[in-house]
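Just below is one structure, and these are the notes that go with it.
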Amino acid sequence: MSAVLAASAASGAINFQWWQSVVVMAVCAVGALLAQQALAVFNDGVRPFLLDFIQGRTTRPAMAAIAFGLSAGFIFGLGAPMALSTTVLNPWLIFLPVEILGLLAPRRWIAAIAGIAWGAVCSYGLAGATTLAGELPVDFLSALTAMSDPILWLFCLFPVLAIARQFGKAWGGIAFGAELVVVVFFVKAGEWWGWSIFAPSVAMAVGVVLLLVLAVRTDLRARAAQKAELLELARTSGQAAADEAVRARAESEAVVDELFGPNAARLRRHTPWFMVLGAGVAMVAASGIFGGGEATSFLIAQGDFTGAASMDLVRVLGFVPLIVTTALASGAYAMAGITIVYPVGYLLAGSGLPLGVTLALAAIAGAAIFGVEISAVSFIGKWLGRWPSIRDSSDHIRSGITESLGLAILVGSLMAANALGGGMAMLIVGGLYLVNEAMGRPVVRMAAGPAAVLVAGVLLNLLYWANLFTPVGG
């Protein structure tokens, strides 16, 4: 299966098998159902608004409009171009429209039908779009594949940025040096001993481990200092004063539990729904036609399921605190959970097991993972409260991912433009990117480059038909 997908990606076209389309339509239907009930959405920015909707202070059309406003740039500027360039589906193309359709639907059955319809569009529309685009005189799909190298190689630097921001320039420099050594070693190991290990994924793991070690060390030192303060307070003001300080902290934690407890209970009441969703998401990830991130999509298209799993497994660390805290604050979960189901699905896709066994194991694993996540959401929230530096590290990880991918996608978009139409295409893509910046980013920065490449592809084809442009290479 992976070899077929990799060959299809290389040729710029793909035709999903019928069972893959069924899996996509099924998970879209379930996702729309949960969004309709305000139980799960994919966009982390939408989740905080759901509490007002759940409590009746926001209407359904207004909530859908908020979701569309926050997600449209990612759907059209990132999800669609990434799917066209990799011929692999992604969460921005699948889950963001599904949450909008679900929030807009007044009835559950309408949400389910809308989800199935969107799943069909994703399944069959991508194949049709790639086939149609491949027949154009200016082939912008092949040009889009030029984005892969910058994304795959620069993405691994996000731990360096996180470490530099949280623990200072010196540690950031050490992290960069460590990742560079790892990359050089594994690249040469591939040449000398034939190791088939994607070097950036190992380097990224090394950077994340270093980040976690530094965070744990900081928190342990803070606890030691806190204990010393309590001992000093007991010595100078008496044991009663120290006990009062401990009691005040416990009461503060109790207030947080009181605020978030009902929302956590709401999630637990709907655990069966979440388990069905988890089964579907894991099956999509195990189908071999889905990548959970920008770099992951290219690796899936190349058939590197192990590399994709390692990439997304490390990425989980950056989003657990955000997903858990927004879930506790709103009473709505993430449509892909904390995304652990992604790497599990990838590994099953590359396992070589029979199709039926692969899908069955994916469904069982996905349901179990989501069941555990929902049951443990309160515990995870409390645990993160006891390790503030790890919680802060996740914020820096997300910022680092955004910055590293922003640079990678911009560089990749310019490389794609050069392959598409040389200087003229670079003028169009770079110009559209700069105009978007000057206009206050109506298209989110990360999506502006790929969207500009698609616009350039359309414009250059029109210029070709008007005899005003000659494709690169004649």
Extent along principal axes [Cα atoms of the stretch 41-106; Å; largest to smallest]: 41, 21, 14
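Averaging sequence separations of C-alpha pairs under 8 Å and six or more residues apart, then dividing by the length of the chain, give the relative contact order as a whole percent. Before the final figure, lay out the partial values.
On the way: 770 pairs, mean separation 112.6, N = 474.
Relative contact order for the chain comes out at 24 percent.
Would you work out the Kirkwood radius for the stretch 386-474? I mean one over the mean of 1/r across all pairs of different Cα atoms, in Å.
Values: mean 1/r = 0.0687 Å⁻¹.
Kirkwood hydrodynamic radius for the stretch 386-474: 14.5 Å.
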If the convex hull is drawn through the Cα atoms of the stretch 1-150, its volume per residue in Å³: 112 Å³
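With runs of 4+ DSSP H residues as the only contributors, calculate the mean residue ellipticity of the chain at 222 nm using -39,500 (n - 2.57) per run, divided by the residue total and rounded to the nearest 500. Don't skip to the answer; put the middle values down first.
Values: 20 runs with 377 residues, N = 474.
After summing the helix terms and dividing by residue count, I get -27000 deg cm²/dmol.
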FRET efficiency, 1/(1 + (r/R0)^6) with R0 22 Å, evaluated for Asp44 and Leu407 via beta carbons: 0.50
Pair-distance profile P(r), taking every C-alpha pair of the stretch 293-447, with 5 angstrom steps and integer %: 2, 8, 12, 15, 16, 13, 13, 10, 6, 4, 1, 0
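Of the listed peptides 380-390, 159-169, what is their order by residue-averaged count of other C-beta atoms within 10 Å, with the highest listed first? Walk me through the numbers on the way to the answer.
Details: 380-390: 16.1, 159-169: 21.9.
Those peptides, ordered most packed to least, come out 159-169, 380-390.
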Simple label model, 7 Å out from Cα along Cβ direction - Trp18 to Ser375, nm: 3.8 nm
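Counting only other residues whose beta carbon sits under 10 Å from that of Ala334, what net charge do I get with K and R as +1, D and E as -1? All intermediate terms of the calculation are to be shown ahead of the outcome.
Details: positive: Arg47; negative: Asp44, Glu373.
Here the count lands on -1.
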Carbon plus sulfur fraction of accessible area for the chain, probe 1.4 Å, in percent: 69 percent
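Which sequence of Arg47, Arg57, Arg268 reflects their accessible areas, 1.4 Å probe, from the largest down? Walk me through the numbers on the way to the answer.
Working: Arg47 0, Arg57 145, Arg268 100 Å².
The most accessible residue leads, giving Arg57, Arg268, Arg47.
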J(HN,Hα) series, the stretch 424-430, from Karplus relation 6.51 cos²θ - 1.76 cosθ + 1.60, nearest Hz, glycine and proline x: 5, 5, 4, 4, 5, 5, x
20 Å Cα-Cα reach of Lys227 towards lysines, excluding residues that sit fewer than 8 places from it in its own chain: Lys382
Å² of accessible area per residue within the chain, as computed with a 1.4 Å probe and no ligands counted: 42 Å²
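The values are calculated or read from the model by the stated rules, or taken from the named source; none is laboratory data. Because the structure is predicted, anything quoted here is derived from the model rather than measured. All Cβ positions, glycine included, derive from the backbone under ideal geometry; neighbour counts span all protein chains shown. For the accessible areas, the whole protein counts, side chains as well, though only heavy atoms, and no ligand, DNA or RNA atoms are used. Shrake-Rupley method; radii C 1.70, N 1.55, O 1.52, S 1.80 Å.
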